[in-house]
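S.K.: Quick one: the structure is below, questions incoming.
The values are calculated or read from the model by the stated rules, or taken from the named source; none is laboratory data. Bear in mind the structure is a predicted one, so any value in this text is a computation, not a measurement. When we count neighbours, we look across all protein chains shown, and the Cβ atoms used for this are built from the backbone with ideal geometry, even at glycine. These area figures cover heavy atoms from the full protein model, side chains too; ligands, DNA and RNA do not enter into them. Shrake-Rupley method; radii C 1.70, N 1.55, O 1.52, S 1.80 Å.
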Amino acid sequence: MTTPLWTPSTDRIANARLTAYQHWLQDKHQLSFADYASLHRWSVENPESFWASIWDFCGVKAQKNCERVLDHGATFPTCGEPAAQWFPGAKLNFAENLLRRRDDKTAIVGLLENGQRRTLSYAKLYTQVEQLAHTLREQGVQAGDRVAGFMPNIPETVVAMLATTSIGAIWSSCSPDFGFQGVMDRFAQIQPKVLFAIDGYFYNGKTLDTRERVAEIAASLESIEQVIVTSVTTERADISTIDKAQHFRDALSSSPTPLRFEALPFDHPLYIMYSSGTTGTPKCIVHSAGGTLLQHLKEHQLHTDLGADDVLFYFTTCGWMMWNWLVSGLASECTLVLFDGSPFAQRGKLLLDAIDQEGISVFGTSAKFIASLEKAGHKPKETHQLDTLKAILSTGSPLSHESFEYIYRDFKEDVCLSSISGGTDIISCFVLGNPTLPVYKGQIQCIGLGMAVEIWNDEGQSVTEEKGELVCTKPFPCCPIGFWNDEDGSRFHKAYFAQFDNLWAHGDYGEITPQGGMVIHGRSDAVLNPGGVRIGTAEIYRQVEKVDAVLESIVIGQNWDDDVRVVLFVVLREGIELNDELVQTIKSTIRQNTTPRHVPAKVLQVPDIPRTISGKIVELAVRNVVHGEPVKNTDALANPEALDYFRSLPQLAR
């Protein structure tokens, strides 16, 4: 029998918001459930009743409610007409729900790697959103316009997003470590009217100036009418070289009109997120205001046990969906702790110190960070108090068995360690934590309420205790509206519904355990995932092609030290041998136009690259060979003998 690493106490279960929700269901609707499995079963079999209960229990603020919860509930978008429509007739505003509290309680603590600390109360946050929204309206921003953020994880970014969404404009962001081409691959598709940017940022002990890149981005996006620049590394940066620029402080109107929250449909676009760009330019994933809000409220309050007394931290950049997930914590009236910089600053001590200094109760990070702490010899339970810490969240890549053991041995014994998994595609989770359930080594605790998640084998059968494709069999509110600039929905359909008819195929390879938990064995496609950050291979290829000596290349993620490292294989021009100088040229070319995480850990020369008969390179086949795993259907390859070049390479054993 599998022994849990942690079991919640009787008091912990009794005081959990998930327990309060079940009491509420009993009182309001005479519904009672013997265990979580039966509650989950009810939630997916009765989606109208369940999602209506989340709306009511979590107190969604709507300017117009509706009597119906779901029309055409059996059909995913692009899988038939008509498709599922959630809360038709409802009118709400996302920002209004995050700004429901307006007193002197601390809403945001902003920390920088260099030690800078700032705070914003809920009242001050509301005032700044009001001031900035006034300016955006004066600049002609309307519902449906796009506003982009080339921003770090600082309070101004949250203010900009809330001001944008209060108007009904659509927010989209990426982090400032993206190179020019990476930004253009994203923002050029959505044509933003306003760009929020910074003068620079701090990372790993360095001060990085971004003004030249901001000027280039602003000049290259013809749709930009205004650039609003926050000074991060200086008191008041010189922004004279950036066309149409003004300082963030100057954009805060001194005499604003009262903040007006536009009442919009449940499925009004809120965010545009980006796929990893595996097969070309990143796909622009459009998420709805109502779906995002409802799902985040459910995940925060029921699965994370988040409330007004909590302090929520998640290490993330503004180019990752965990930033969007984090800031939604304002709707539960907690305090957010933002951090921008390297998570490994001071060998990770900076973030550990923040737990005690800020009273963090929910600490979110990556599997890589946890593994790095262990390897660095950190034993936080001996060096820190950690009295306020009740939950640790981990995502980005599967959390190893060793890391589970490390948390309970060297971090804190009484803590709910919740590995969570979902992604940009749904701006939330399919599987995640549960404050009332035990934690088992290597397992994600449960499938999310309202999410009809199953594992399907190659025969299209639902299985347990067997590896297969993670699918969702019924529509859910946070399903994307679609892709931007995908008028007929064909690209959206191909991404999620081509594998199984009217079923969401997520691209994760997983397994449901006897305890009702989930083990994610990895991505079932070729997306790279170093440090928990999804990277598309095409983004790397586009840069390698600029190196004249390289004829072609293929990149994979190699499992290494409880993480994934990027390995690039190159075919060079005749007579050229790979040397240190050329490796450095390749790496610097990639770094200049993408991010540090795109830079391969290893660059190796090979004489040929395997391809399908139709000419497509086969990343998954190469990855399987590198890991000593079998390659299915080599008959589909034009040159299967090329796979031999990737077997048992000594350079990949160290």
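Per-residue answers, yes or no, for (1) open to solvent by 10 Å² or more (accessible area, probe 1.4 Å); (2) in contact (Cβ under 8 Å) with a residue 60 or more places away in the chain:
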site	(1), (2)
Asn485	yes, yes
Lys494	yes, no
Phe500	yes, no
Tyr509	yes, no
Val544	no, no
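S.K.: Let me ask you something else. With Val463, Val431, Val439 as the choices, which residue is open to solvent by less than 30 Å² (accessible area, probe 1.4 Å), of a type in the set (Val, Ile, Thr) and closer than 20 Å to Pro480 by Cβ?
M.R.: On the way: Val463 fails: closer than 20 Å to Pro480 by Cβ; Val439 fails: closer than 20 Å to Pro480 by Cβ.
None of the others qualify; the one that does is Val431.
S.K.: For the stretch 415-434, state whether one or more residues are in a loop (DSSP other than H, G, I, E, B), more than 23 Å from the chain's Cα centre (by Cα) and not aliphatic (A, V, I, L, M).
M.R.: For the stretch 415-434, residues in a loop (DSSP other than H, G, I, E, B), more than 23 Å from the chain's Cα centre (by Cα) and not aliphatic (A, V, I, L, M): absent.
S.K.: Just wondering, is there one or more residues in the stretch 633-653 that are modelled with pLDDT of 90 or more, open to solvent by less than 20 Å² (accessible area, probe 1.4 Å) and either farther than 24 Å from Ile535 by Cα or under 27 Å from the mean Cα position of the chain (by Cα) (or both)?
M.R.: Scanning the stretch 633-653 turns up at least one residue that is modelled with pLDDT of 90 or more, open to solvent by less than 20 Å² (accessible area, probe 1.4 Å) and either farther than 24 Å from Ile535 by Cα or under 27 Å from the mean Cα position of the chain (by Cα) (or both).
S.K.: If I filter the stretch 126-145 for residues that are crowded, with 24+ Cβ neighbours inside 10 Å, within 21 Å of the chain's Cα centre (by Cα) and in contact (Cβ under 8 Å) with a residue 24 or more places away in the chain, do I get at least one hit?
M.R.: No: the stretch 126-145 contains no residue that is crowded, with 24+ Cβ neighbours inside 10 Å, within 21 Å of the chain's Cα centre (by Cα) and in contact (Cβ under 8 Å) with a residue 24 or more places away in the chain.
S.K.: Report whether or not Ser490 is open to solvent by less than 30 Å² (accessible area, probe 1.4 Å), at negative phi and among the hydroxyl-bearing types (Ser, Thr, Tyr).
M.R.: No, not satisfied.
S.K.: Whether any residue in the stretch 245-253 is of a type in the set (Gly, Ala, Ser) and either part of a loop (DSSP other than H, G, I, E, B) or open to solvent by 40 Å² or more (accessible area, probe 1.4 Å) (or both) is what I want to check.
M.R.: Looking through the stretch 245-253, at least one residue is of a type in the set (Gly, Ala, Ser) and either part of a loop (DSSP other than H, G, I, E, B) or open to solvent by 40 Å² or more (accessible area, probe 1.4 Å) (or both).
S.K.: Tell me which of these Thr207 doesn't satisfy, since it passes every other one: (1) closer than 15 Å to Phe150 by Cα; (2) under 27 Å from the mean Cα position of the chain (by Cα).
M.R.: (1)
S.K.: Which members of the stretch 137-157 meet the condition of being within 14 Å of Val229 (Cα to Cα) and among the hydrophobic types (A, V, I, L, M, F, W, C)?
M.R.: If the condition is that a residue be within 14 Å of Val229 (Cα to Cα) and among the hydrophobic types (A, V, I, L, M, F, W, C), then Val147, Ala148, Phe150, Met151, Ile154 are the ones that fit.
S.K.: Kindly indicate the residue of the stretch 574-600 that is part of a helix (DSSP H, G or I), under 15 Å from Ile535 (Cα atoms) and open to solvent by less than 50 Å² (accessible area, probe 1.4 Å) and also modelled with the lowest pLDDT among those meeting that condition.
M.R.: This residue is Asn593.
S.K.: Hey, could you check the stretch 546-573 for residues that are in a loop (DSSP other than H, G, I, E, B) and under 23 Å from Arg647 (Cα atoms) and say which is least open to solvent (accessible area, probe 1.4 Å)?
M.R.: In this case the residue turns out to be Asp562.
S.K.: Given the conditions (1) open to solvent by 30 Å² or more (accessible area, probe 1.4 Å); (2) assigned to a strand (DSSP E or B); (3) of a type in the set (S, T, N, Q), which single one is not true for Gln515?
M.R.: Unmet for Gln515, out of (1) open to solvent by 30 Å² or more (accessible area, probe 1.4 Å); (2) assigned to a strand (DSSP E or B); (3) of a type in the set (S, T, N, Q): (2).
S.K.: From the list Leu470, Leu449, Leu389, which residue is closer than 24 Å to Thr316 by Cβ and outside any loop (DSSP other than H, G, I, E, B)? Spell out the reasoning first.
M.R.: On the way: Leu449 fails: outside any loop (DSSP other than H, G, I, E, B); Leu389 fails: outside any loop (DSSP other than H, G, I, E, B).
Result of the check over Leu470, Leu449, Leu389: Leu470.
S.K.: In the set Phe202, Phe180, which member is of a type in the set (Phe, Trp, Tyr), surrounded by fewer than 24 Cβ atoms within 10 Å (Cβ to Cβ) and modelled with pLDDT under 95?
M.R.: When all the criteria are applied, what remains is Phe180.
S.K.: Counting residues that are farther than 18 Å from Thr304 by Cα, which helices (runs of 4 or more DSSP H) fully inside the stretch 1-79 reach at least 1?
M.R.: Counting at least 1 such residues, we get 17-29, 36-45, 47-57.
S.K.: Could you grab me the full set of residues in the stretch 97-125 that are in contact (Cβ under 8 Å) with a residue 24 or more places away in the chain, part of a strand (DSSP E or B) and surrounded by fewer than 17 Cβ atoms within 10 Å (Cβ to Cβ)?
M.R.: The answer is Arg118, and nothing else.
S.K.: Looking at the stretch 473-485, which of its residues are in a loop (DSSP other than H, G, I, E, B) and either among the β-branched types (Val, Ile, Thr) or farther than 23 Å from Glu299 by Cα (or both)? So that I can check it myself, show each step before the final result.
M.R.: Residues of the stretch 473-485 in a loop (DSSP other than H, G, I, E, B): 473-481, 484-485.
Correct list: Thr473, Ile481, Trp484, Asn485.
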